[in-house]
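Written out below as C-alpha cells is the structure these notes cover.
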Amino acid sequence: MRSRYTAYVRGEIDYLLTTHDASSRASVDREAIARWSRETQWLGLEIRDVRDGGELDERGVVEFIARGVTAGRPFAQHERSQFRKHDGAWFYVDGKAIREPVQAIATAGRNEPCPCGSGKKYKRCHGES
C-alpha cells in the first residue's frame, strides 16, 4: 500500500497499473489516475489496519486514509483495499470506501512533524501561512 501511495505522489502511473491485479486492471482509467496524481498535493498516508498479507498469505486487506488537496479542496480517502499475491508479488484488487467522518487534513502542532511525511516541522511545511 505504501508503495502505491508513493507512486501517486511521484506520478508513477506505470507502477500503479503494473501493481493493479489483472482481474480488475482493464477497468482502470489511466488518464484519470494521472490527472488526479498530478493535480493533488499529497499530505500523507495513515495505515489504520492490516489483515493477513504476511509472507505465507495469498491475500491481504489494508485499511488506510490518504490525505491531500485537489483543486483547493482537502480530502481524506478512507478505504479498505484488498490485495492478492501472485508469483511472490502483491497486486491491488479493489477497494471499498469507508463512510465515516475523518479529518481531511491531519492536525499537528507548529513544532511537530508535518503529517505529510516531509520530515519538516509543520510550521515550515503545510503550516506556513
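Values for this structure:
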read-out: Within region 1-43, considering residues that are hydroxyl-bearing (Ser, Thr, Tyr) and part of a helix (DSSP H, G or I), the one farthest from the chain's Cα centre (by Cα); value: Ser27
read-out: Qualifying residue in region 1-20 (condition: more than 30 Å from Gly119 (Cβ to Cβ) and in contact with a Lys or Arg (Cβ under 9 Å, 6 or more places away or on another chain)); value: no
read-out: From the options Arg51, Arg80, residue that is of a type in the set (Lys, Arg), over 12 Å from the mean Cα position of the chain (by Cα) and over 15 Å from Asp21 (Cα atoms); value: Arg51
read-out: From Ile105, Ile65, Ile98, residue being touching a His at 6+ places or on another chain (Cβ under 8 Å), at pLDDT 90 or above and under 25 Å from Tyr122 (Cβ atoms); value: Ile65
read-out: Every pair of residues 6+ apart whose Cβ atoms lie under 7 Å, when the first sits in region 53-64 and is touching a residue at least 60 places away in the same chain (Cβ under 8 Å) and assigned to a strand (DSSP E or B) while the second is among the hydrophobic types (A, V, I, L, M, F, W, C) and buried (at least 17 other Cβ atoms within 10 Å of the Cβ); value: Val62/Met1; Val62/Phe83; Phe64/Met1; Phe64/Leu45
read-out: Filter result for Arg25 (under 14 Å from Gln82 (Cα atoms), in contact with a helix residue (DSSP H, G or I) (Cβ under 9 Å, 6 or more places away or on another chain) and surrounded by fewer than 17 Cβ atoms within 10 Å (Cβ to Cβ)); value: yes
read-out: Matching option when the condition is exposed (fewer than 14 other Cβ atoms within 10 Å of the Cβ) and under 15 Å from Gly95 (Cα atoms), among Arg51, Arg10; value: Arg51
read-out: Matching residues, region 28-50, being touching a residue at least 12 places away in the same chain (Cβ under 8 Å) and out of contact with any helix residue (DSSP H, G or I) (no Cβ under 7 Å at 6 or more places or on another chain); value: Trp36, Arg38, Glu39, Thr40, Gln41, Leu43, Gly44, Glu46, Ile47, Arg48, Asp49, Val50
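This table checks each residue for (1) in a strand (DSSP E or B); (2) closer than 23 Å to Arg35 by Cβ; (3) charged (D, E, K, R).
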site	(1), (2), (3)
Arg67	yes, yes, yes
Ala76	yes, yes, no
Phe83	yes, no, no
Asp94	yes, yes, yes
Arg99	no, no, yes
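Residue by residue, here is whether (1) in contact with a Phe, Trp or Tyr (Cβ under 9 Å, 6 or more places away or on another chain); (2) hydrophobic (A, V, I, L, M, F, W, C) holds:
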| residue | (1), (2) |
| --- | --- |
| Tyr8 | yes, no |
| Glu12 | no, no |
| Tyr15 | no, no |
| His20 | yes, no |
| Ser24 | yes, no |
| Asp29 | no, no |
| Ile33 | yes, yes |
| Gln41 | no, no |
| Ile47 | yes, yes |
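The values are calculated or read from the model by the stated rules, or taken from the named source; none is laboratory data. Treat the numbers as computed from the prediction; the structure is a model and nothing was measured. Ideal geometry is used to build each Cβ from the backbone, glycine not excepted, and the neighbour counts take in all protein chains shown.
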